[in-house]
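Here the structure comes first, spelled out in structure tokens, and everything after it is commentary.
Readers should treat all values here as calculations from the given coordinates under stated rules, not as data from a laboratory. Just so it is clear, the structure is predicted and the values come from calculations on it, not from any experiment. Cβ atoms come from the backbone with ideal geometry, glycine included; neighbour counts cover every protein chain shown.
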Amino acid sequence: MLTFFFRSSIPLSDDPAIADRVGPPASFSPVDLHMTPSIIQFEQVGKAYPEAGRSHTVLRDVSFAIGAGEVVAILGRSGSGKTTVLNLMAGIDQPTQGRVRVAGEDLGAMSDRERTRFRLQRIGFVYQFFNLIPTLSALENVRLPLELGGASVADADRRAMAELAAVGLADRAASFPDRLSGGEQQRVAIARALVTDPPLILADEPTGNLDPEIGDQVLALLLERSRASGRSLIMVTHSRRIAAAADRVLRVEGHGVVEAQPEPA
Ligand SMILES: Nc1ncnc2c1ncn2[C@@H]1O[C@H](COP(=O)(O)OP(=O)(O)OP(=O)(O)O)[C@@H](O)[C@H]1O
Ligand SMILES: [Mg+2]
């Protein structure tokens, strides 16, 4: 997750505070999508938050799997635990019971540093409110995950430009987020999520802050960019249109995650 990177010094990978969060260079083996039947496995996962001296249960004994390459919509009423489920998948949050595996790896068995590194390499995250860094240009925002991963500035620039071009924003590379429309900012955020070529994209209400027409365009882009490369895409949404575009719909309710019927288009 990139929300804690808010400085403007470049390259950010040289910043000791950030380098410390990210940890040493990668040592994970590459993911072979054909050898990995499940990209996500929840094994009897429970999640409770302490609240006013008591425990507030959000998830209880939740088990399910998501296959590599699946496009999944997660529905559920406000407060049911959708963001919690996504944050557990990303290793941003830890379960209080059970195990979460991503590409076969047990997130709970990793150190914080390993988890941060794993997330940086394996997971692209798209947020409702874009979460672009306001002091960085579009290009600098997109290349940031590559810089944090230790890529050279020249290589990071080249790949980030290609990703910006793929979302139709090559001509806005030098623009700062406050000069971009909401839809454009979300396209930059999609480019940032995809630039490391992760096998898994997580999106928390990616069109929730856009008007419906722009939201549809952003959704189409996210789907196209995910399906084209066989990535798994998991989207939390309140939108029937998004649910209709998914291969599979899950619903968070009653502290559980249940299979729902795909919405009619
Ligand atoms: N850090 C936290 N500390 C305490 N309680 C939390 C924390 N994060 C979430 N919760 C609680 O967990 C429950 C589920 O929250 P979550 O954000 O996952 O819901 P959601 O389904 O994403 O809702 P929305 O549709 O409004 O985004 C809520 O009751 C919320 O108050
Ligand atoms: Mg939420």
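Note on the stretch 71-85: among residues that are over 10 Å from VAL252 (Cβ atoms) and surrounded by 19 or more Cβ atoms within 10 Å (Cβ to Cβ), the one that is nearest to ligand 2 (Cβ to nearest atom) is ALA73. When restricted to residues that are surrounded by fewer than 24 Cβ atoms within 10 Å (Cβ to Cβ) and among the hydroxyl-bearing types (Ser, Thr, Tyr), the stretch 195-210 contains 1. The residues of the stretch 48-62 that are more than 12 Å from ligand 2 (Cβ to nearest atom) and over 30 Å from ARG225 (Cβ atoms), listed by number, are ALA48, TYR49, PRO50, GLU51, ALA52, GLY53, ARG54, SER55, HIS56, THR57, ARG60, ASP61. Checked against the criteria, GLY230 counts as in contact (Cβ under 8 Å) with a residue 60 or more places away in the chain, touching a helix residue (DSSP H, G or I) at 6+ places or on another chain (Cβ under 8 Å) and away from ligand 2 (no atom under 16 Å from the Cβ). Quick check: is even one residue across the stretch 115-122 crowded, with 24+ Cβ neighbours inside 10 Å, closer than 19 Å to VAL188 by Cα, hydrophobic (A, V, I, L, M, F, W, C) and away from ligand 1 (no atom under 16 Å from the Cβ)? No; the residues of the stretch 115-122 include none that is crowded, with 24+ Cβ neighbours inside 10 Å, closer than 19 Å to VAL188 by Cα, hydrophobic (A, V, I, L, M, F, W, C) and away from ligand 1 (no atom under 16 Å from the Cβ). When we screen ARG179, ARG192, ARG158 for residues that are in contact (Cβ under 8 Å) with a residue 60 or more places away in the chain and either surrounded by fewer than 18 Cβ atoms within 10 Å (Cβ to Cβ) or touching a strand residue (DSSP E or B) at 6+ places or on another chain (Cβ under 8 Å) (or both), the only hit is ARG192.
Scanning the stretch 86-100 for residues that are within 13 Å of ligand 2 (Cβ to nearest atom) and either free of Cβ contacts under 8 Å to residues at least 12 places away in the same chain or more than 18 Å from the chain's Cα centre (by Cα) (or both) turns up just one, ASN87.
Of all the criteria given as (1) away from ligand 2 (no atom under 16 Å from the Cβ); (2) surrounded by fewer than 19 Cβ atoms within 10 Å (Cβ to Cβ), the one not satisfied by VAL45 is (2). The condition of being touching a helix residue (DSSP H, G or I) at 6+ places or on another chain (Cβ under 8 Å) and closer than 25 Å to VAL58 by Cβ holds for only one of VAL167, VAL126, that being VAL126. All of GLU213, GLU163 fail the test of being surrounded by 22 or more Cβ atoms within 10 Å (Cβ to Cβ) and of a type in the set (D, E, K, R), apart from GLU163.
Each residue in the stretch 37-82 was checked for being more than 9 Å from ligand 1 (Cβ to nearest atom), free of Cβ contacts under 8 Å to residues at least 40 places away in the same chain and hydroxyl-bearing (Ser, Thr, Tyr), and 2 pass.
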